[in-house]
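One structure is given here, and the rest of the page talks about it.
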Amino acid sequence: MTIAHRSRRGRKVALGVLGALMMSLASAASAQTGNTAARANSYDDAWQDGATGWVANAKTILAGGSGQVPGLVLWIGDSLTRKPALGDWAQRGAGKTAEDQMITSWMNASASPLPPPAQRIDSIDGFALATPYFCPARSFTVGDGLGAWDFNGSSGMPAVTDPATARQILLDCMTYSNGLTLVTILAAIPKAQFAIPEVNLLASNPADLTEFTIMLNTLLSKHIVPIIITYTYRTDTKFNLLVDQYNVALRQLAQNMKLPLIDLQAEMLARIPFTTLTSWDGRFLSDGVHYTEGGGGYTSTSSPYIDGGDPATHTTGEPLKYNGYGLKGWLGVQKMKEIKALVIDGTSPPRPNPPTNLRIVP
């Protein structure tokens, strides 16, 4: 065996150990505290407070903006953000607590008619802007393949800053069936306060966040606070090794840039450990890549707190173990609950201290 082969093998072993460690920590924390909103919001606690924390940074970012729609949170990404189940519960789901109702109303989720969500370019509901697709392979902020993070012109959609022209382009499904450009998106739709952006990892170098950083800086230039979200496993061992590297880089980037973090991967692992390649089949994954939209007798609008959950502590039960898109949306809602309290209202939401062993430090 050559030195290069031994080196590659060593990296694979190390990454495998990292993945196993993350699953072990997530499982242990889940057993201790349950699948609570408090735990879900804890992954960025290490860089939350103080003059250089993400709370202070978010206030500074928003302070420079004008004309932003309160509570407008954009979901920007690809097919892992494309299904209506992402926002079904926020828009019209069962079992909301008073706090849930408050935050989903503030996020304008209840502003969408029932059903389906309004597919209007002037919608102030970020879920409705993201799903469902009204073009063959895209919505206003989500697109298959290249998605919304194209900056080199390969999507075919030009980068336009004039709002009227941008709206005309974004509504043109014939010319731009799946191509999107972030600059044009932001010019066409109402001004947002927050965004949850997502890009595919770069298989040749998953730690390379160059394009993602361009996306973040584009959002920041518009005084939009980005909320970083981690990537998730598939039924592909080699790909999952790359996911581990990508997520380490994403967590470190969130800390370095002082931005909030949603750790979707950790929250999935805490609910269902990924012990085999089929562990998430029919639970979080529908086809080995994309997420589920319900199952096990539950729908995308079922209360997340039934069958093992507890609304008093915002602890989720069985429904969100069969709804990958829904879990992603629920985590976004809970994070915005914390962000609104700390950044917009200037208050501290009551919550217990989560176990530190769940925080995965690169």
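The values are calculated or read from the model by the stated rules, or taken from the named source; none is laboratory data. Fair warning: this is a prediction, and the values are worked out from it, not measured in the lab. In this analysis, Cβ positions are derived from the backbone assuming ideal geometry, glycine residues included, and neighbour counts consider all displayed protein chains. Surface areas here come from the heavy atoms of the whole protein model, side chains and all, with no ligands, DNA or RNA. Shrake-Rupley method; radii C 1.70, N 1.55, O 1.52, S 1.80 Å.
Would you point out which residue out of Ala195, Ala188, Ala203, Ala166 is open to solvent by 50 Å² or more (accessible area, probe 1.4 Å) and among the small types (Gly, Ala, Ser)?
Of the residues listed, the single one that is open to solvent by 50 Å² or more (accessible area, probe 1.4 Å) and among the small types (Gly, Ala, Ser) is Ala203.
Output the residue which, of all residues in the range 60-101 that are hydroxyl-bearing (Ser, Thr, Tyr) and either part of a helix (DSSP H, G or I) or in contact with a strand residue (DSSP E or B) (Cβ under 7 Å, 6 or more places away or on another chain) (or both), is modelled with the lowest pLDDT.
We begin by selecting, within the range 60-101, every residue hydroxyl-bearing (Ser, Thr, Tyr); these are 60, 66, 79, 81, 97.
Applying the additional criterion that residues be either part of a helix (DSSP H, G or I) or in contact with a strand residue (DSSP E or B) (Cβ under 7 Å, 6 or more places away or on another chain) (or both) yields 60, 79, 81.
Details: Thr60: 97, Ser79: 90, Thr81: 93.
Going through the qualifying residues, I end up with Ser79.
Could you tell me how many of the residues in the range 70-109 are surrounded by fewer than 16 Cβ atoms within 10 Å (Cβ to Cβ) and either under 30 Å from Ser221 (Cβ atoms) or aliphatic (A, V, I, L, M) (or both)?
5
Of all residues in the range 257-289, count the ones that are assigned to a loop (DSSP other than H, G, I, E, B), open to solvent by less than 30 Å² (accessible area, probe 1.4 Å), out of contact with any Pro (no Cβ under 9 Å at 6 or more places or on another chain) and not β-branched (Val, Ile, Thr). Walk me through how you get there before you give the answer.
Of all residues in the range 257-289, those assigned to a loop (DSSP other than H, G, I, E, B) come to 258-260, 263, 272-280, 282-284, 286-289.
Those left that are additionally open to solvent by less than 30 Å² (accessible area, probe 1.4 Å): 259-260, 263, 272, 274, 279-280, 284, 288.
With out of contact with any Pro (no Cβ under 9 Å at 6 or more places or on another chain) added as a condition, the list becomes 263, 272, 274, 280, 284, 288.
Imposing the further condition that a residue be not β-branched (Val, Ile, Thr) reduces the set to 263, 274, 280, 284, 288.
Residues meeting the conditions: 5.
Can you name every one of the helices (runs of 4 or more DSSP H) wholly within the range 160-228 that holds 1 or more residues which are basic (Lys, Arg)?
163-170
Would you check which residues across the range 169-185 are out of contact with any Leu (no Cβ under 9 Å at 6 or more places or on another chain) and open to solvent by less than 40 Å² (accessible area, probe 1.4 Å) and list them?
Ile169, Cys173, Thr181
Among the candidates Ile306, Ile339, which residue alone is of a type in the set (A, V, I, L, M) and either modelled with pLDDT under 95 or in a loop (DSSP other than H, G, I, E, B) (or both)?
Going through Ile306, Ile339 in turn, just one is of a type in the set (A, V, I, L, M) and either modelled with pLDDT under 95 or in a loop (DSSP other than H, G, I, E, B) (or both): Ile306.
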